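Below is one structure; the comments refer to it alone.
Read the figures in this text as sums done on the coordinates, not as results from a lab. The structure presented is a predicted model; accordingly, all values stated were derived computationally and were not measured. Counting neighbours? That spans all protein chains shown, and the Cβs are built from the backbone with ideal geometry, glycine included.
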Amino acid sequence: MTPTYYLLLSALLFSLGAVGVLVRRNAIVVFMCVELMLNAVNLSLVTFARINGELDGQIMAFFVMVVAAAEVVVGLTIIMSIFRTRRSASVDDSNLLKY
Amino acid sequence: MSAFLLAQQVTEVADTVSTGEAVAFWVLAPLSLLGALGMLFARNAVHSALFLVLTMLSLGVLYMVQQAPFLGFVQIIVYTGAIMMLFLFVLMLVGRDSSDSVVEVLRGQRLAASLLGVGFAALVAASLARALNDVTPVGLVTPNTTDGGNVANIGVALFTDYLFPFELTSALLITAAVGAMVLAFTDRHARGTKKTQRELVEERFRGDRPGSLPGPGVFATANSVATPALLPDGSIAEESLSAIVETTAKERLSGDVRDVAGTGERPDAHALTGARADARADTPAEGTATKEGEE
C-alpha cells in the first residue's frame, strides 16, 4: 500500500460530493456536499505534503479550512434569508434574484 | 548529531506505509465512503449532516495518521465541532422536514449526474494511479521531529512565508462576519407594519370598545390562551377568543360552565376539617355551613 490510496479515496469523496451538488435539491444538503468536496481536496493536499516531504500542503489545507469556515457562515446566512422570503430551502424554488 | 541520526533512521521507516497505518486506512476509508454515500442518499437533511460528521471525523483521523496531527485536530474541532453544528442549527431553523422533492425538474438529470460522477471518479483515479504509481513518498518525519515538531513548523511557515495570505485571511473572516450580520439582520421598523403606541391608543378610543378585551378564561382545569372566558350565565364570551388560536372545545369546559352558572357541585366548606360532607348533610341539626351547602 502506498499513499496513492489516500488520493484515490480523495477522488472518490470529491466525486460523491460533486454528484450530491448536482442531484440534491435541498440547499443545505447541497452546501454540505460542497463541504465534502473541500474535505476531499484537503485530504489530497495532506497526502501531497507527505509525498513531497514539505509542510506547504498542510498549510494550504489549513487555509482551505479557514476559507471554508467563512464560506459556510455567509452561505448559510444567504440560505436563511432566502428561506425567510421564499419559505423554502429548495434550490428549485429560488429562481429569481430578487424577492 | 544524534537527533539527525535518529531522524535518518525514522525517515527510512516512515517512507513506506506501515501495517498499522494500512489497517487504520482500511478501517477509516470505508467509513468515510459510507458517510459520503449516506449523506448523498439520506432523505432527511439531519441524517445527511450526521453522515457528513462521520466522514469528517474519519478524515480527521486519517490526517493524524498521515503525519498531520495539527490539521487532524483542527479538522475535528473546526469542522465537526463548529461548522457541522452550525449546519445543524440552520437545519433546525429552516425546517428539518423540508425533505427533498422526488420530482425531477430536469428530465434525466440524476442519471446524467451519476454518470458524470462515475466518469469523473474513474478519470481522476486512473490518472492519479498512473502518475503516482512509482513515486516514493519522502515523508514528513524531518519537519515533524525537528524545530519543535509539526505545530511549531506550521506556525513558523505561517508567520514567515505565508504571512500575506494569513493577513488576507483575517480580512476575509472580518468580511464574512460583517456580511453574515448584514444578511441576517431584519429591520422590523422599516417595514411600516408595526403601529406606534400613539396610533394604537387613538385607534382604541375611536373604536367601539375603549376598554380592553376580556382575557382568556382561567379555571382550575385550564389556564391556556385557548380557553375561552365564560360569562356569568355560562355562555362563552366571544370577545375573549383569539383569532389565531384554536379554542378549546366547549365540551371540555362543561364542568367549568356548570360551576360558573351555579348548577354544578357546590364547594364543601368542611373539606379541610376531615369531616365528610355527606355525613354532615344527614344530620339536620348542624351549623349554618351545611345549610349553605344545601341551598
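Peptide B:143-151 is shielded by partner chain Cβ atoms: per residue, an average of 1 of them sit within 10 Å of its Cβ. Couplings for the range A:49-54, taken from phi via the Karplus curve 6.51 cos²θ - 1.76 cosθ + 1.60 with θ = phi - 60°, read 4, 6, 5, 7, x, 10 Hz in order; Gly and Pro are left as x. For chain A, modelled as a GNM whose springs connect Cα atoms under 10 angstrom apart, the maximal fluctuation among A:A70, A:A40, A:A27 occurs at A:A70.
Between B:A226 and B:T263, the FRET efficiency estimated from the beta carbon spacing at R0 = 30 angstrom works out to 0.80.
Output the Kirkwood hydrodynamic radius of the range A:25-86, Cα pairs only, in Å rounded to one decimal.
On the way: mean 1/r = 0.0775 Å⁻¹.
Taking every pair of different Cα atoms in the range A:25-86, averaging 1/r and inverting gives 12.9 Å.
In deg cm²/dmol and to the nearest 500, what is the mean residue ellipticity at 222 nm of chain A if only DSSP H runs of at least 4 residues count, each as -39500 (n - 2.57), divided by the residue total?
-27500 deg cm²/dmol
Remark: the range B:164-172, residue by residue, has Karplus-estimated 3J(HN,Hα) of 5, x, 5, 5, 4, 4, 5, 4, 4 Hz, where x stands for each Gly or Pro and the curve is 6.51 cos²θ - 1.76 cosθ + 1.60 at θ = phi - 60°. Note: relative contact order over the range A:25-86, using C-alpha pairs below 8 Å and six or more positions apart, is 37 percent.
Counting other beta carbons within 10 Å of each residue's own, what order do B:T142, A:T4, A:T47, B:T186 fall into, fewest first?
Numbers: B:T142 18, A:T4 21, A:T47 25, B:T186 9.
Lowest to highest Cβ neighbour count: B:T186, B:T142, A:T4, A:T47.
Residues whose amide H lies under 5 Å from that of B:L230, counting only those 5 or more places away or on a different chain, are B:A237; hydrogens are built 1.01 Å from N in the peptide plane. Annotation note: trypsin sites (Lys or Arg not before Pro) in the range A:3-99 located in DSSP loop regions with a Cβ neighbour count of at most 11 within 10 Å are A:R87, A:K98.
By how many nm would the segment from A:L96 to A:D56 grow when fully extended, if each residue of separation counts as 0.36 nm and the alpha-carbon distance is taken off? Spell out each step's value before the answer.
On the way: separation 40, 0.36 × 40 = 14.40 nm, distance 4.19 nm.
Contour length minus the Cα-Cα distance gives 10.2 nm.
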